[in-house]
Amino acid sequence: MWINDHSWDWINEYGAGLAAIAAVVTGAVAVVALVQTVRDSKERSRPYVIAELRLIPYAASTLSLVVANRGQTAARDVRVTFDRPLTAAPFTSSSLVGRIGKRYSASIAHIAPGQEFGNSIRASGARGADAGDQLPEPLTVSVSYRRSALRR
């Protein structure tokens, strides 16, 4: 047998220290697991705001620019910005794209979970569309928001 009387003496002498080390390691693992659980919970319950282009069914050469909250909590102070100004020429306040620029020029106070804002626009190259009805290509849309009073 691998345990003899000498082995029991060693275990009796150092067992308390080994138990203390095991308790510290177990406590550290528990703290790491708790921190990870809190982080996962925050990530699952945060707002998730997206901007996307969608095809509009049964409408030729027309798209919809949609800003939506896919998260589980409200997004506050939502700001939608474009890498090119949509209020400058050739976009007028009466053109489709000019209206999008005007709509998102100010921040949106709240977007509830599942809520969407959609704007119709003409697809590039659509017949009968003037330059003010088409989005410039390429165009980058950025969305920023606050998920709480302090976190942006």
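Every read-out reported here was derived from the displayed coordinates using simple, explicitly stated rules and does not represent laboratory data. Only a predicted model underlies this, so the values are computations on that prediction, with no experimental measurement involved. Counting neighbours? That spans all protein chains shown, and the Cβs are built from the backbone with ideal geometry, glycine included.
For the range 27-82, the calculated P(r) over all alpha carbon pairs, in 10 Å bins from 0 to the bin holding the longest distance, is 19, 29, 24, 16, 9, 3, 0 percent.
Under 5 Å between amide hydrogens, built in the peptide plane, is the criterion, and for Arg46 it picks out Gln72 among residues at least 5 positions away or on other chains.
For the range 1-45, what percent of Cα pairs sit more than 12 Å apart?
Details: 704 of 990 pairs.
Counting pairs separated by more than 12 Å, the tail of P(r) holds 71 percent.
From least to most packed, judged by other beta carbons within 10 angstrom and beginning with the fewest, Glu116, Glu43 follow the order Glu43, Glu116. Taking θ as phi - 60° and the Karplus parameters 6.51, -1.76 and 1.60, the scalar couplings of the range 99-111 work out to 5, 5, x, 5, 4, 9, 5, 10, 6, 9, 4, 8, 10 Hz in sequence order, x denoting glycine and proline.
List the chymotrypsin sites (Phe, Trp or Tyr not before Pro) in the range 4-113 that DSSP assigns to loop (not H, G, I, E or B) and whose Cβ has at most 12 other Cβ atoms within 10 Å. Which are they? Listed in order of number, the matching sites are Tyr58.
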